[in-house]
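This report refers to the structure that appears directly beneath it.
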Ligand code: URA
């Protein structure tokens, strides 16, 4: 297929940010480099068109028996209950509790709470850190530039934003986008636990150090947490940690590692 036609296909598919080239993911700007779409290992439009939940952009040559590539599960002790799924608590009730929450001081500075968004049947739960300024304004997680990159990361493993559920460790924006305090995270965690109890995800993807460390109750670096299967809560949901899209926007060289993490998470999900 010639390059112009392939471009048209990509545009029609809105595959405009991350594109697969071998086992790496490139930004639109990087993909516009002269060799990008004509590289021998670039997927053709047909395989990109096949990016959907069952699609698999991993080249066959890269396949090995999962056991050879997926490290043994590592359980990090997370001594928390599943959020006290109060009898009969349903999505509407949890949403109302979050909207009315005054458990910490962030309730006095927020514009609104950011409950989370996505499919209530989702198999994947994506967990970020906390709402930023735009999320606080719109009431939806990951709506800024980082959100666009997150959408592209999901697309690269065949998932749409609408198919997953996206939430944060904190439901309210910390002023000035500072890191969440331990108290804020502890006060807010039960809401995420209630969401998990309702959603029953097959897999959790913690994006960024803050999310991973808070969910796993550890101060181990993200570099050491990634590429391992952790488990969250009493229901032991498999949890994979990867880089935050905002970090990847600042450090595009680490997109390759993020791509490894996404493929790893997809493999783990397929085995659950
Ligand atoms: N960063 C996050 O961690 N969460 C958001 O919702 C937005 C940006």
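What follows draws every value from the coordinates through simple rules; no lab data is involved. Not measured: the values here are computed from a predicted model. Cβ placement follows ideal geometry from the backbone for every residue including glycine, while neighbour counts extend to all protein chains displayed.
Ratio of Rg to Rh for the stretch 125-176: 0.97 [Cα atoms; Kirkwood radius as inverse mean 1/r over pairs]. Annotation: for a label point projected 7 angstrom from Cα along Cα→Cβ of residue 133, residues of the stretch 155-184 with backbone N closer than 15 Å are 173-178. Each distinct pair of alpha carbons in the stretch 119-272 adds a 1/r term; the inverse of their mean, the Kirkwood radius, is 15.3 Å.
Computed on the stretch 111-258, with alpha-carbon pairs under 8 angstrom and 6+ residues apart, the relative contact order is 26 percent. Packing-based ranking of 232-245, 107-120 yields 232-245, 107-120, ordered from highest to lowest mean Cβ neighbour count within 10 Å.
Hydrodynamic analysis of the stretch 194-272 uses the Kirkwood radius over alpha carbon pairs. Inserted into Stokes-Einstein at 4 °C and 1.567 mPa s, it gives a translational diffusion coefficient of 101 µm²/s. You can think of it this way: the chain between residue 217 and residue 177 has 12.3 nm of extra reach, that is 0.36 nm per residue less the Cα-Cα gap.
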